[in-house]
Amino acid sequence: MPTLVRKTLVEYRRALIGWTVGLCAFLTMYISIYASMMNDPETFSKQAIAKYPGAFRDLMGGMSDIATGRGYLQAVAYQLLGPLLFTMCAAILGNRAIAGPEEARTLELTLTLPIDRRRLLLERWAALALGLLAVALVTLAVATGAASAAHMDVPFGSILAAHTGLFLLVLFFGTLTLCVGAAFGRKQVALAVVGVWGVAGYIVETMGRSIDAISWLRWLSPVHYYLDGRPLYQGWPYGDYLVLLGATAVLLMTALLAFERRDVGV
Amino acid sequence: MTAVVETEGLTKFYGTRRGLEDLTLEIRPGEVFGYLGPNGAGKTTTIRLLLDVIRPTSGRATVLGADTRDPRVRARIGYLPGELALEGRERARNYLQFLADVRGGVSRGRIDELAERLDADLSVRMGELSKGNKQKVGLIQAFMHEPELLILDEPTSGLDPLVQQEFLAMVREARTAGHTILMSSHVLAEVEHVADRVGIVRAGRLVAVEDIAALRERAVRHVELHFDAPVPKESFEGLPGVRDVVVQGASLRCTIDGRPDALIKAAARYTVVHMVSAEPDLEEIFLTYYSEEEGRHAHAGA
C-alpha cells in the first residue's frame, strides 16, 4: 500500500472505529425494535400511518409498508437516518484529507515532500474511500445480522443492493467535501456545501415526488440516485449507481485540477 | 558553477497585496545565505515559492537546477517551516520515520543521533510537544536526510541558547559537507556567525545582498582608550573614519567606520594603558540600509 494511503488510514483509524461503532449501534437498536413492533400490530397499522401528515410521510419515504420487514428497514435504516449519519462521517473524514491539515498548517510540510500534488490528493482520497468501504462492510454485516435476528425476512441480495447505494452516496459526499476543501482550503465551506446540497437534495427528492414545480430539481440531487431505484425492493439500479460513481469521478477530477493550481495555506 | 537557487523577477501578489516583487537572487553552492528582514517583509513568501507551496504571480525560480514545480527535487531539500505545526496523537519518532520513508530513507541511527544532539524526546505525541521540542523535531526532519539544500525559515525561534549553539554547529557541518543553506531571520545577530552572505528584504523587495566579510569591513566599531594622563581632544579630531569623539580626562571614546588605523597611529603618541573595542555591530549597518531605503521612499513620496 502506498505510504501516504497507509499513513492517512492510520490518522483516520480512531474516527473510523468510532463511526463504525456508532453506526452499528444505531442499526442494531433500530432494527431490533422491529420484532417488538410486530408483537403490537396496532402501532404501524394503515390507520395509524394515515394519521401522519402527507408531507411527513413523503419525507420518510412514503411509510406505506412500514409494517413489513422491507418497509421498516427502508424507513428506519436506509431512508433518512442511516444516510444522514454515514454522510456526516464521510464529510468529517473528507475534511481531514486536505482542508483540515491546511487549516492546522500541517499540510505545508507534507506538500514539500517529493510527492506531486496529484498523487498526494489521490492517495488521500484512496484512503478516504477505503475507510468508508471498511465502515460500509462492517455495517452491512451488522445490518444483515440484525435484520435476520429480527425476522425481517429481507434477502441478503436486497440489503447488499441498498447498502451498496448507501456506500456510493456517502462516497459521493465524502469526495465532495474533499473536493471543496481542496479547492478552497476551508473546512466550513466544505461542510456548508455538503450540508446544503445534501439536505436540499433530500427534501427535493422526497417532496418533489408530489410537487411538480420542483420535480425537475430531483435530477440534481445525489439522493435521487440513491432512493429512486428502491434497491431494497427492486434490486440493483445500475444506471443510478453509475451516475453516482460518475459524479464522484467528476468531483475527484475537479479536486485534482483545483488543488494543482492553488496557493496552499495563505 | 551553477547556482543552487536562482530566481529571476520572482513576484507574488496575494490579490492586490504585495508579498514579493521582482526578486532576482542567486545562491551559490556551499554557501550559507542569511535572508533577513522584519516580519512580513516577504521572507516566508520567497521560501514558500521556492518550495512550490504557493505559485508565483510572475517570474521564475529554479532550485538545484530544476524547476520548482518538479516534485523530485524536493527529496534533496530539507525544509523547516517558519510556523511549524505538528498535531495529532502520532509519536514524533513515527512521524519522522514517515517523512524519511517518503524522501527515500535516511541512514540508520541518523534520527537518534540528531535527537541526542538536540536533546529532543521523540516518544512524545506530536500534539503534546512543547514549542521548543516542536522546533527540534522540525530541525531533525530538515537535517536527517542530509539534503543538498537546507531551507530554514526562522530556525532558531523557540530554541534555548545551548540548543542554538548545537544548531549552528549542525549548519557549519552541513556547509563543510558541501551543502547549501538558506536561512531566514529577522535579526542579523542570529545568522552573522554562520552566514557567508546576507540578503536584506524589506516590504517585498530585496534591498541589498552583502558579503558578511565586507559588512564586517564596513562595520561600525565602538572603541574606548585609556591613557596614563589627560589627552587633548584636538589630537583625535578630524581623523579619517573616526567620529563621535568624547574625551574625559585620560579616557577617550569614539566610533570608527572601517579600519582603526588612523586612530591607533594618533593614540601611539601617548601612553595607552587600556583599550576596549566592542565587537562590530553589524546590526547597525543593517539598520542603516533600512533607514536609507526609508529615506528614499519618503523622498519619492514627497
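Miscellaneous remarks
- Euclidean distance of C-alpha centroids, the stretch A:248-263 and the stretch A:1-49, integer Å: 32
- Taking A:Glu102, A:Glu11, A:Glu42 in turn, the Gaussian network model of chain A (Cα-Cα springs below 10 Å) assigns the largest fluctuation to A:Glu42.
- Prolate/oblate/rounded label for chain A (Cα gyration tensor, a/c 1.5): prolate
- Cα-centred dipole magnitude for chain B, charges only on beta-carbon of K, R (+1) and D, E (-1), debye, nearest 20: 740
- Over all other residues within a Cβ to Cβ distance under 12 Å of A:Gly61, the charged ones net out to 0, with Lys and Arg as +1 and Asp and Glu as -1.
- Total formal charge among the other residues, if their Cβ is under 15 angstrom from that of A:Leu191, Lys/Arg +1 and Asp/Glu -1: +1
- Mean silhouette area of the stretch B:220-277, derived from the convex hull of its C-alpha atoms and averaged over all directions, reads 3.2 nm².
- With the convex hull drawn around the C-alpha atoms of the stretch B:50-204, the volume per residue stands at 129 Å³.
- For chain B, fraction of C-alpha pairs farther apart than 35 Å, in %: 33
- When the pairs B:Lys233/B:Lys265; A:Lys7/B:Lys134; A:Lys7/B:Lys12; B:Lys43/B:Lys131 are compared against a 23 Å limit on Cα-Cα distance, A:Lys7/B:Lys12 fall above it.
- Shape class of the stretch A:73-227 from the Cα gyration tensor (axes a ≥ b ≥ c, square roots of the eigenvalues): oblate, since a/c reaches 1.5 or more and a/b does not exceed b/c.
- Convex hull projection area averaged over all views, the stretch B:175-237, Cα basis, nm²: 7.8
- For the stretch A:200-266: span of alpha carbons on each principal axis (Å, largest first): 46, 28, 16
- Within-13-Å neighbourhood charge of B:Arg103 [Cβ basis; K, R +1; D, E -1]: +1
- Chain B - percent relative contact order, Cα under 8 Å, separation 6 or more: 19
- Rounded to whole Å, sorted largest first: equivalent-ellipsoid semi-axes of the stretch B:1-102, Cα gyration tensor: 25, 18, 13
- Quarter of Cα convex hull surface for the stretch B:116-179, i.e. mean projection, nm²: 4.3
- D (Stokes-Einstein, µm²/s), Kirkwood Cα radius, the stretch A:174-232, 0.890 mPa s at 25 °C: 200
- Computed E for B:Asp244/B:Arg69 - FRET, C-beta separation, R0 60 angstrom, nearest 0.05: 0.70
- Within straight-line reach of A:Lys46, meaning a Cα separation under 12 Å, sit the following aspartates and glutamates at least 8 residues removed in sequence or on another chain: A:Asp65.
- P(r) tail fraction, the protein assembly as shown - alpha-carbon pairs more than 39 Å apart, %: 48
- Three-way shape call for the stretch A:23-157 based on the alpha-carbon gyration tensor, with the a/c threshold at 1.5: prolate
- Each of A:Trp197, A:Trp125, A:Trp216 was scored by other Cβ atoms within 10 Å of its Cβ. Arranged with the fewest first, they read A:Trp216, A:Trp197, A:Trp125.
Every number in this text was worked out from the coordinates using simple rules, so none of it is lab data. Because the structure is predicted, anything quoted here is derived from the model rather than measured. In this analysis, Cβ positions are derived from the backbone assuming ideal geometry, glycine residues included, and neighbour counts consider all displayed protein chains.
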